[in-house]
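The values are calculated or read from the model by the stated rules, or taken from the named source; none is laboratory data. The structure presented is a predicted model; accordingly, all values stated were derived computationally and were not measured. Here the Cβ positions follow ideal geometry from the backbone for every residue, glycine too, while neighbour counts run over all protein chains shown.
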């Protein structure tokens, strides 16, 4: 009887060692799977720095086009558009806190989907409290798009400051970048994305200025576009950019047709 108990205890200990070994191997595999290509990340940051002037050219391009068409910038409206986007960004903060304990993928989905709700709602409020005139709405849309370009540039500087750090926060950011699968992509895709996104924001502003009820459709479209673009980017940055280009150009075209 004692011999049997001793044998069983030995078997249990062996099983525990085997399970421990399995866990260690699994953790090693996960670490290898999510390992960050530091050299590629450093290179990506340098390439992103090289195209920073092109980011600045995006809002200037839209300003020049609309000015040539006879719509001078209303800087007050421009500032209100920038403020509206900033408020929408700040409101995503509490949402980030609420989803912090959720699985990472699910949390990111909720935050991404909330952007359409927040941005389009605040866009409607800004226009409702000020003006829906064509020139005013164009300036609000340009301010909205321009501050997002500036935010993108600030993100590049932030990533550059974290790229060689190994603290927990820095590693989380780098893991997220690795998971997105865009580290090796040409940084010009980012500039093109700002062009298409700017077209979407300006067009969306014009649509709401003309048809306020359309905000319901735009919330769905905006959130859906963000969700699809992020997932497509993991497979192909070209497909993701093409999607944003088509939707952005179509939104701008519809907005111009409605209000001008």
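A quick yes/no check of all residues on (1) out of contact with any helix residue (DSSP H, G or I) (no Cβ under 9 Å at 6 or more places or on another chain); (2) assigned to a helix (DSSP H, G or I); (3) under 24 Å from residue 235 (Cα atoms); (4) without any contact (Cβ under 8 Å) to a residue 40 or more places away in the chain:
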{"residue": "136", "(1), (2), (3), (4)": "no, yes, no, no"}
{"residue": "184", "(1), (2), (3), (4)": "no, no, yes, no"}
{"residue": "195", "(1), (2), (3), (4)": "no, yes, yes, no"}
{"residue": "201", "(1), (2), (3), (4)": "no, yes, no, no"}
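When you scan segment 163-182, do you find a residue that is surrounded by fewer than 16 Cβ atoms within 10 Å (Cβ to Cβ), part of a loop (DSSP other than H, G, I, E, B), assigned by TED's automatic domain parsing to the domain that holds residue 52 and under 16 Å from the mean Cα position of the chain (by Cα), even just one? Within segment 163-182 (the criterion being surrounded by fewer than 16 Cβ atoms within 10 Å (Cβ to Cβ), part of a loop (DSSP other than H, G, I, E, B), assigned by TED's automatic domain parsing to the domain that holds residue 52 and under 16 Å from the mean Cα position of the chain (by Cα)), the answer is yes, since at least one residue qualifies.
Among the residues of segment 88-104, is there at least one that is modelled with pLDDT of 95 or more, surrounded by fewer than 17 Cβ atoms within 10 Å (Cβ to Cβ) and assigned by TED's automatic domain parsing to the domain that holds residue 200? No, the conditions are met nowhere in segment 88-104. Taken together, the criteria place residue 150 among residues that are farther than 14 Å from residue 44 by Cα, assigned by TED's automatic domain parsing to the domain that holds residue 80 and free of Cβ contacts under 8 Å to residues at least 60 places away in the same chain. Listed by first and then second residue, the pairs linking a residue in segment 40-53 that is in contact (Cβ under 8 Å) with a residue 12 or more places away in the chain and not assigned by TED's automatic domain parsing to the domain that holds residue 156 to a residue that is part of a helix (DSSP H, G or I) and crowded, with 16+ Cβ neighbours inside 10 Å, with Cβ atoms under 6 Å apart and 6 or more places separating them unless they lie on different chains, form an empty list.
The set of residues from segment 139-152 being buried (at least 18 other Cβ atoms within 10 Å of the Cβ) and over 13 Å from residue 199 (Cα atoms) comprises 147, 152.
Return the total of residues in segment 47-82 being assigned to a helix (DSSP H, G or I) and over 23 Å from residue 193 (Cβ atoms). I'd like the intermediate steps shown before the answer.
Just the residues of segment 47-82 that are assigned to a helix (DSSP H, G or I), to begin with: 47-50, 52-68, 75-82.
Of the ones still in play, those that are also over 23 Å from residue 193 (Cβ atoms) are 67-68, 75-77, 79-80.
So the count comes out to 7.
Residues in segment 70-96 that are within 11 Å of residue 146 (Cβ to Cβ) and more than 14 Å from the chain's Cα centre (by Cα): 5 in all. Among the residues of segment 219-240, those that are surrounded by 19 or more Cβ atoms within 10 Å (Cβ to Cβ) and within 13 Å of the chain's Cα centre (by Cα) comprise 222, 223, 225, 226, 229, 233, 240.
Residue 164 fulfils the conditions (1) within 24 Å of residue 83 (Cα to Cα); (2) touching a residue at least 60 places away in the same chain (Cβ under 8 Å) except for a single criterion, (1).
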